[in-house]
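The values are calculated or read from the model by the stated rules, or taken from the named source; none is laboratory data. Note that the structure is predicted; figures quoted are calculated from it, not measured. Every residue, glycine as well, gets a Cβ built from its backbone with ideal geometry; the counts of neighbours run over all protein chains shown.
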Amino acid sequence: MQKRISANDFFHAWVASVNEMKIILQDNWRNATQFTSLVKSSEDCVLKLVAKQLGLNCYPHDYYSLDSVLYRDCDLVPDLPEHSYWFRSLTVAFEHENSINSGIFKEVSHLLILDPELRVLVTYPISGIEEREWEYSHSIISGSRNADSISDQENFLVIFGGESGFVWEGYVYKKNGWKKLESRQN
């Protein structure tokens with residue numbers, strides 16, 4: 001049995017990977033299309049670095065409207081033609097949203113209908129964490145039939161980033177609120 005990828009594992013791999021690409025990411029911060037590509041789909045994107053650190057593979061393309069998938073070989077449907085990607089399970093389901101104010105409830109609800117080991121949403125608050133969206137996101141998860149399991153397994157991770165100082169914060173869903181993860185970035 002392989003070790004589960006925890007929210008903490010992913011968060012620390014994320015921080016290390018964005019720090020490795022910090023200069024190019026900062027240079028492209030104001031170009032949403034290019035920045036998003038650098039995060040999830042370019043040849044040397046952040047997500048591929050995260051996957052490598054976690055010993056996973058990365059499918060950096062949309063998969064049933066999911067931004068990206070990190071997977072183990074055993075997650076793939078067996079005996080597929082080369083360069084075919086059909087999954088029977090997901091290790092990490094990944095969503096990237098350039099602004100928390102653009103309706104992250106869509107990303108949260110999309111992640112809830114999937115059954116990966118870990119659900120990850122990365123977004124960027126404009127001026128701090130907008131409480132209304134943050135509380136609404138918590139209530140969406142709380143109302144799902146898997147809320148207790150998601151809380152117990154701590155397998156719904158939200159990562160916030162910002163241009164100022166390029167500091168990252170990770171939070172996992174818990175029944176009684178969001179639990180902030182310890183950061184090792186400084």
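Data for the structure
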| quantity | calculated |
| --- | --- |
| Matching residues in the stretch 128-185 - criterion: being under 23 Å from residue 39 (Cα atoms), at pLDDT 95 or above and in a loop (DSSP other than H, G, I, E, B) | 155, 181 |
| Top-ranked residue in the stretch 163-186 [being small (Gly, Ala, Ser) and either surrounded by 18 or more Cβ atoms within 10 Å (Cβ to Cβ) or in contact with an Asp or Glu (Cβ under 9 Å, 6 or more places away or on another chain) (or both); ranked as nearest to residue 5 (Cα to Cα)] | 170 |
| Number of positions in the stretch 59-92 that are hydroxyl-bearing (Ser, Thr, Tyr) and surrounded by 19 or more Cβ atoms within 10 Å (Cβ to Cβ) | 4 |
| Test: residue in the stretch 71-81 that is within 20 Å of residue 50 (Cα to Cα) and of a type in the set (Ser, Thr, Tyr) | yes |
| Scope the stretch 1-20; condition under 24 Å from residue 164 (Cβ atoms) and surrounded by fewer than 18 Cβ atoms within 10 Å (Cβ to Cβ); matching residues | 16, 19, 20 |
| Any hit, the stretch 97-109, residues being free of Cβ contacts under 8 Å to residues at least 60 places away in the same chain, among the polar types (S, T, N, Q) and farther than 17 Å from residue 163 by Cα | yes |
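For every residue, the table says whether it meets (1) within 13 Å of the chain's Cα centre (by Cα); (2) modelled with pLDDT under 95; (3) of a type in the set (Gly, Ala, Ser).
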| position | (1), (2), (3) |
| --- | --- |
| 16 | no, no, yes |
| 30 | no, yes, no |
| 38 | no, no, no |
| 61 | no, yes, no |
| 91 | yes, no, no |
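A quick yes/no check of all residues on (1) closer than 17 Å to residue 20 by Cβ; (2) not hydrophobic (A, V, I, L, M, F, W, C):
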{"residue": "38", "(1), (2)": "yes, no"}
{"residue": "45", "(1), (2)": "yes, no"}
{"residue": "61", "(1), (2)": "no, yes"}
{"residue": "76", "(1), (2)": "no, no"}
{"residue": "81", "(1), (2)": "no, yes"}
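Yes/no matrix, rows are residues, columns are (1) on the phi < 0 side of the Ramachandran plot; (2) of a type outside the set (Ser, Thr, Tyr); (3) in contact (Cβ under 8 Å) with a residue 40 or more places away in the chain; (4) part of a strand (DSSP E or B):
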residue: 14; (1), (2), (3), (4): yes, yes, yes, no
residue: 19; (1), (2), (3), (4): yes, yes, yes, no
residue: 29; (1), (2), (3), (4): yes, yes, yes, no
residue: 49; (1), (2), (3), (4): yes, yes, no, no
residue: 52; (1), (2), (3), (4): yes, yes, no, no
residue: 61; (1), (2), (3), (4): yes, yes, no, no
residue: 82; (1), (2), (3), (4): yes, yes, no, no
residue: 89; (1), (2), (3), (4): yes, no, no, no
